[in-house]
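Just below is one structure, and these are the notes that go with it.
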Amino acid sequence: MRIAHATTVGAIALATLTLAACSADDTDADPSATATGAPTASATPDADASTAAPDLTGQTVTVVTHDSFAVPDDVLAAFEDETGLTVEFTAPGDAGALVNQLILTKDAPLGDVVFGVDNTFASRAIDEGVFADYESAAPAAGDAAEYAIDGSSALTAIDYSDVCLNYDIAWFEDNGLDVPQSIGELADPEYNGLLSITNPATSSPGLAFLLATIDEMGDGWQDYWAALRENQVRVTASWSDTYFTDFSVPNYGGDYPLVLSYASSPPSEVIDGEPTSAALLDTCFRQVEYAGVLEGAENPAAAQAVIDWLLSDDFQATVPDNMYVYPVSSSVEVPAAWAEYAPLSDDPHTMDPAEISANREAWIDDWTSVVID
């Protein structure tokens, strides 16, 4: 997931994509936690002091995240003021690189808590023992449970969106070419040299799109990718390369009118009230982003507080405008423009995380041999 955009609507800016590291332990959520995740002691006068939440004042928590994480300074400052924590961020790269680094450093964690592991990589990180179990009692935890990984309490869903192809509206109009409507049409000769996607070995959107093609094409997916290679598909290392550098819409001026991004991307390309891009909703894969406490974290209690904060209304309300994805909280409204410019797919491609885990490496190897080698 991932997923912040430079935007032209409102006063939103992509300026600071700071990052976060995470950690956690096996402690259950404190039932007296507040909506912002700042645990409080029981209101009962004779409550056992041993059940009171730890005092986090003066402590530092390190959040590990992908390089598209964004949160407004005032929302972060309010969390720090309420908990007494100092939050530091670190970002090893895109979601794929993030998971690789978490696995490589699991014996010496990069931080306390992680944000940005998505459902295409989640099972790999869980299988490697990267995360400690934690079940939040924050208000949106019930909504997050809809996206829980079966059989695991290691990750908490924070946001979701659909990874989809986006197209440059004016380019297709100016060139008199019909917009492709399906994954299969992308291999047609008239779309030769028009498509930029990201490498599934290094990018979670790239992996999501690969999974969508496998779901769509079944046993013929390798032949399909061979056809895309013949059609001069461009492969980049990261979503930002494909979107910000390659996309031909006015904001970026690249050479590719078809790029891999999100169903929630088009609102960032509205200029003077007119959309310049749209998503192809029949090409989408549903992506969910998670947070988790790192096993062996130096400050697991603070890591749990961060997860509770990520589920708070204060944070959830920032997600659409800052990371251009949908919050898991059902009590948070998305911008009105999204109904018009960023609808989700009615029938996105999906895949059981266990199936992804069992086949991911083989699929990526096969894809690489067909498209890159």
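A few points about this structure:
- Relative contact order (%) - segment 259-373, alpha-carbon pairs under 8 angstrom, separation at least six: 33
- Considering only the Cα atoms of segment 193-238, their convex hull presents on average a projected area of 3.0 nm².
- Measuring r between the beta carbons of T90 and A145 and using R0 = 30 Å, the FRET efficiency lands at 0.60.
- Within segment 111-172: Cβ-based charge dipole about Cα centre, in debye rounded to nearest 20 (Lys, Arg +1; Asp, Glu -1): 80
- Shape box of segment 142-228 [Cα atoms, principal axes, largest first, Å]: 50, 31, 21
- For the chain, relative contact order (Cα pairs under 8 Å, six or more residues apart, normalised by length) works out to 28 percent.
- Applying 0.36 nm per residue to the separation of E190 and L104 and subtracting their alpha-carbon distance, the gain on full extension is 26.6 nm.
- Formal net charge of residues neighbouring Y160 (Cβ-Cβ distance under 10 Å; K, R +1; D, E -1): -4
- Calculated over the chain, the projected area of the Cα convex hull averaged across directions stands at 18.0 nm².
- Against the chain, whose longest principal axis is taken from its Cα atoms, helix 95-104 shows a tilt of about 50°.
- Our analysis of segment 119-269 gives Rg over Rh at 1.04, with the two radii drawn from alpha carbon positions and Rh computed by the Kirkwood formula.
- Using only side-chain charges placed at the Cβ, +1 for Lys and Arg and -1 for Asp and Glu, the dipole size of segment 230-353 relative to its Cα centre rounds to 140 debye.
- Cα centroid separation - segment 247-291 against segment 114-175, whole Å: 19
- Dipole magnitude of the chain about its Cα centre (Cβ charges: Lys, Arg +1; Asp, Glu -1), debye to nearest 20: 580
- If R0 is taken as 25 Å, the Cβ-Cβ distance between S330 and A78 corresponds to a FRET efficiency of 0.65.
- Within-13-Å neighbourhood charge of D188 [Cβ basis; K, R +1; D, E -1]: -4
- Computed over the chain, the per-residue total of -39500 (n - 2.57) for DSSP H runs of n ≥ 4 gives a 222 nm mean residue ellipticity of -8000 deg cm²/dmol, rounded to 500.
- When the chain is described by a simple charge dipole with +1 on each Lys and Arg Cβ and -1 on each Asp and Glu Cβ, the residue from V61, N192, H349 located farthest towards its positive end is N192.
- Using the Stokes-Einstein relation with a Kirkwood hydrodynamic radius computed over Cα pairs, the translational diffusion coefficient of segment 180-296 at 4 °C and a viscosity of 1.567 mPa s comes to 86 µm²/s.
- Protection proxy ranking, highest mean first, for peptides 336-348, 299-311: 299-311, 336-348, where packing is the per-residue count of other beta-carbon atoms within 10 Å, averaged.
Values quoted throughout were computed directly from the atomic coordinates according to the rules given, and no laboratory measurement underlies them. Because the structure is a prediction, the values reported are computed rather than measured. Quick reminder, even Gly has a Cβ in these numbers, built from the backbone with ideal geometry, and neighbours come from all protein chains shown.
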